[in-house]
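A short worksheet on the structure shown next.
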């Protein structure tokens, strides 16, 4: 089984014109953390939003299950309507629900996502109850049983969550599992570069990133230079998977580079592209597929989700 840990969020998605980006003072194509008031303001400026259970690692867990794999999700929600909706969505889609309720009066996290005509998604995240995840919320039995523990960098922001990551990754290592980390966003890497470096060096087997996140982590000016840094600085890393947007993906394993072209797709909404890519890749690892076949499933998964609005595609998926 693959266990994913991350922010439990309900996504609200709205298609907009580019001029709204400036009007609402949005940071286009990036993820920005916002407070409750800002989140409510943005929701008020969504005339016809679509709601869906989301959050990066939850999206990944969902798609692993949809591909036929076994997946569970650890996160934190409030005991409110949104939280109950989130938990129901996990069980409805065949996931093992390892979420817990937050005891305070915070609301379940929300992510206001604005989608421009170029398919770029601009995310504004109020973490809510999800930010309160701590060591005591972890399902140690599930972590002990899993083959891969997947953690999203978005949650590496508060000390209790950071401690939860370290604790979970140690449990998984001791039980013989592999630890995977998504760098999530450039802002995450900028904010936590030193601790990310230490975490990867000591506890991580598989890293997912895009080229901007990788270059920010290594403080290099090109992917080529970053790969040299990775090979030198992380000698025990099993795989680094760096997505290159429409160009494809670069995989580094045993200091050998493998490149695979992206799957062609009509880009409607890029929300969830990295999450679905990671799901496809983790599914391939879990099933002992070749790197080529694993990358193919990952690329097709990313192409699938970006061809529709939202992170729960309705079109059939086939390899």
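The values are calculated or read from the model by the stated rules, or taken from the named source; none is laboratory data. Please read all numbers here as calculations on a predicted model, not as lab measurements. Counting neighbours? That spans all protein chains shown, and the Cβs are built from the backbone with ideal geometry, glycine included.
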Counting only residues in the stretch 93-112 that are assigned to a loop (DSSP other than H, G, I, E, B) and under 22 Å from residue 313 (Cβ atoms), the one modelled with the highest pLDDT is identified as 95
Note on the stretch 69-86: residues within 18 Å of the chain's Cα centre (by Cα) and surrounded by fewer than 23 Cβ atoms within 10 Å (Cβ to Cβ) are 69, 70
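Results for (1) in a helix (DSSP H, G or I); (2) free of Cβ contacts under 8 Å to residues at least 24 places away in the same chain; (3) out of contact with any strand residue (DSSP E or B) (no Cβ under 7 Å at 6 or more places or on another chain); (4) under 28 Å from residue 215 (Cβ atoms), shown as yes or no for each residue.
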| site | (1), (2), (3), (4) |
| --- | --- |
| 131 | yes, no, yes, yes |
| 136 | yes, yes, yes, no |
| 144 | yes, no, yes, no |
| 162 | yes, no, yes, yes |
| 166 | yes, no, yes, yes |
| 171 | yes, no, yes, no |
| 176 | no, yes, yes, no |
| 184 | no, no, no, yes |
Filtering strands (runs of 3 or more DSSP E) wholly in the stretch 17-92 for at least 1 residues that are over 18 Å from residue 132 (Cα atoms) and touching a residue at least 60 places away in the same chain (Cβ under 8 Å) gives 31-33, 50-54, 71-74
Given the conditions (1) modelled with pLDDT under 95; (2) over 17 Å from the mean Cα position of the chain (by Cα); (3) surrounded by fewer than 24 Cβ atoms within 10 Å (Cβ to Cβ), every one holds for residue 131 apart from (2)
